Amino acid sequence: MKNKIKSVKGTYDLLPFEIHKWQEIENKLKKIFSLYNFREIRTPIFEKSKLFSRSVGEFTDIVNKEMYSFLDKGKESLTLRPELTASVVRSYIEHNFQQISPIHKIWYYGPLFRQEKPQAGRYRQFYQFGSEIFGSAYPESDVELIDLAYTIYTKLGLKNFTLYINSLGNKENRSKYIELLKSELLPHKNEMCDNCKNRYENNVLRLFDCKNKICKNIMNEHAPLIIDYLTNEEKDYFNEIKELLENLNIKYKVDPTMVRGLDYYTNMIFEIRSESLGSQDALCGGGRYDNLVEDLGGKSTSAVGFAAGMERLMIAMEKENLFDDELNKLDIYVAIMNENVRNESMKIVKNIRSNNFSVDTDFQRRSVKAMMREANRKKAKFSIVIGENEIQSGEIKIKTMSDGSENTVKIDEISEFLSQNIL
Ligand code: HAM
């Protein structure tokens with residue numbers, strides 16, 4: 001036997017017997033995005049590497065450690081996209097979106113790549129859906145977006161989740177705060193873990209995310225919180241967001257230690273975390289990023305967005321028992337008794353399908369008993385066994401699989417029977 005080739009670490013196959021759950025969610029997402037009048041964008045899987053270093057930030061974990069980058073024919077550095085906001089902004093600038101309309105509401109869905117340490121809810125290829133609003137500097141757009149994310153989880157039936165919000169202020173104010181944070185933490189730098197010692201130099205805000213007990217204690221005792229250093233204007237903006245959320249009955253908690261792992265944010269940031277998940281509990285995250293369009297060479301444009309992990313959503317929905325097995329059920333299984341009736345039976349199968357019922361049949365010429373086992377395994381709602389008698393009489397018994405009861409109907413009227421008996 002030759003060696004088997006396995007899938008790459010941190011990647012997974014979406015198998016034919018589970019894909020229906022993903023498709024069900026994908027369809028619902030599309031509907032919800034269109035309720036909010038967002039339009040879809042599809043950008044390439046790879047982009048120039050500098051797009052991400054200039055937007056997500058050179059010293060972030062994503063850019064520093066996790067990007068899948070390669071030289072294109074030995075020349076230009078390209079990267080498999082680790083997130084989608086930068087790509088959408090690149091496209092927004094490249095295609096002069098602002099000339100088409102002052103406001104753009106855009107959604108996306110697709111695979112992303114980060115070379116993270118795989119664990120439950122964290123993969124190296126994972127799927128995100130998300131959305132971005134360009135062109136509004138008002139808190140209604142922040143709330144439109146939070147409401148959209150919140151509504152998605154509510155409509156999908158999730159119960160155990162909480163919205164957290166914070167404000168990082170604008171860039172100028174933040175750099176003053178960062179100086180203060182550094183000077184308060186300097187006396188404790190030597191006690192920190194090695195990772196935090198590095199972060200202290202290049203990305204000090206991320207010290208808030210360290211799970212190490214000693215670092216956590218240092219932060220709890222000595223780190224000033226950015227929310228206490230916002231300007232009056234930033235405070236007012238944040239308060240307006242809170243009021244608008246309350247107005248829509250959207251419950252939130254302020255998490256003053258939340259910083260998010262990407263550099264482009266300004267002012268409001270948020271995350272929705274699930275209590276049904278383990279340590280990777282962020283269902284989605286996002287915030288305002290008013291400088292990014294300009295930083296990437298476009299005209300100054302306010303923007304706000306969020307992105308959400310599909311895998312974490314699926315895990316949370318499984319944990320909360322939200323998948324309805326009914327959706328996976330086959331309408332009718334057709335057992336074909338022998339070769340004499342195969343041709344007629346295939347016509348009957350085709351005919352029922354043409355009336356929009358899902359039908360499956362046997363492809364291995366097995367015994368009727370084996371076929372009925374298959375019907376059960378496939379969770380068929382009904383089944384029929386076609387033999388010579390049935391073809392001759394033109395009548396057939398339709399078995400209801402849930403209780404074993406049978407109804408005799410004309411073969412020509414199978415679809416009619418199904419339409420009367422399937423909701
Ligand atoms: P992010 O927080 O890096 O933000 O990712 C958003 C969501 O993607 C996370 O909350 C999580 O659900 C999922 N996610 C991230 N990494 C992984 C992974 N390795 N495996 C599985 N799921 C993962 C962004 O990507 C920003 N672009 C969001 C944004 C949009 N901000 C403004 N606009």
Checklist entry - Of all the residues that make up the stretch 362-394, how many are closer than 13 Å to GLU344 by Cα and surrounded by 14 or more Cβ atoms within 10 Å (Cβ to Cβ)? => result 5
Next on the checklist: Condition first: assigned to a strand (DSSP E or B) and within 8 Å of the ligand (Cβ to nearest atom). Now tell me which residues in the stretch 113-126 satisfy that.
Outcome noted: ARG122, PHE126
Checklist entry - Among the strands (runs of 3 or more DSSP E) confined wholly to the stretch 312-414, which include 1 or more residues that are free of Cβ contacts under 8 Å to residues at least 24 places away in the same chain? => result 395-400, 406-410
Checklist entry - Among LYS211, LYS216, which is the only one that is assigned to a helix (DSSP H, G or I) and more than 14 Å from the ligand (Cβ to nearest atom)? => result LYS216
Checklist entry - What number of residues in the stretch 250-287 are touching a Phe, Trp or Tyr at 6+ places or on another chain (Cβ under 7 Å) and free of Cβ contacts under 8 Å to residues at least 40 places away in the same chain? => result 1
Checklist outcome for this item: Per the filter on the stretch 400-423, residues among the charged types (D, E, K, R) and more than 40 Å from the chain's Cα centre (by Cα) are GLU406, LYS410, ASP412, GLU413
Checklist entry - Are there any pairs, at least 6 apart or on different chains, whose C-beta atoms fall under 9 Å, with the first in the stretch 220-240 and at negative phi and assigned to a helix (DSSP H, G or I) and the second loosely packed, with under 13 Cβ neighbours inside 10 Å and charged (D, E, K, R), and if so, which? => result TYR229/LYS176
Checklist entry - Just checking, which of ILE165, ILE146, ILE133 is crowded, with 18+ Cβ neighbours inside 10 Å, in contact with a Ser or Thr (Cβ under 6 Å, 6 or more places away or on another chain) and modelled with pLDDT of 95 or more? => result ILE133
Checklist outcome for this item: The helices (runs of 4 or more DSSP H) lying wholly within the stretch 1-112 that contain at least 3 residues that are touching a Lys or Arg at 6+ places or on another chain (Cβ under 6 Å) and at positive phi are none
Item to check | GLU132 being touching a Leu at 6+ places or on another chain (Cβ under 9 Å) and within 12 Å of the ligand (Cβ to nearest atom) | outcome: yes
Next on the checklist: Just checking, does the stretch 328-340 include any residue being touching a Phe, Trp or Tyr at 6+ places or on another chain (Cβ under 8 Å), modelled with pLDDT of 95 or more, under 23 Å from TYR108 (Cα atoms) and buried (at least 22 other Cβ atoms within 10 Å of the Cβ)?
Outcome noted: no
Checklist entry - From the residues in the stretch 241-284 that are assigned to a strand (DSSP E or B) and more than 11 Å from the ligand (Cβ to nearest atom), which one is nearest to ASP147 (Cα to Cα)? => result LYS253
Item to check | From LEU225, LEU244, LEU248, residue being touching a Pro at 6+ places or on another chain (Cβ under 9 Å) and over 23 Å from ASP281 (Cα atoms) | outcome: LEU244
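The values are calculated or read from the model by the stated rules, or taken from the named source; none is laboratory data. Given the structure is predicted, the values throughout are model-derived calculations rather than measurements. Please note: Cβ atoms are built from the backbone with ideal geometry, for glycine as well, and neighbour counts cover all protein chains shown.
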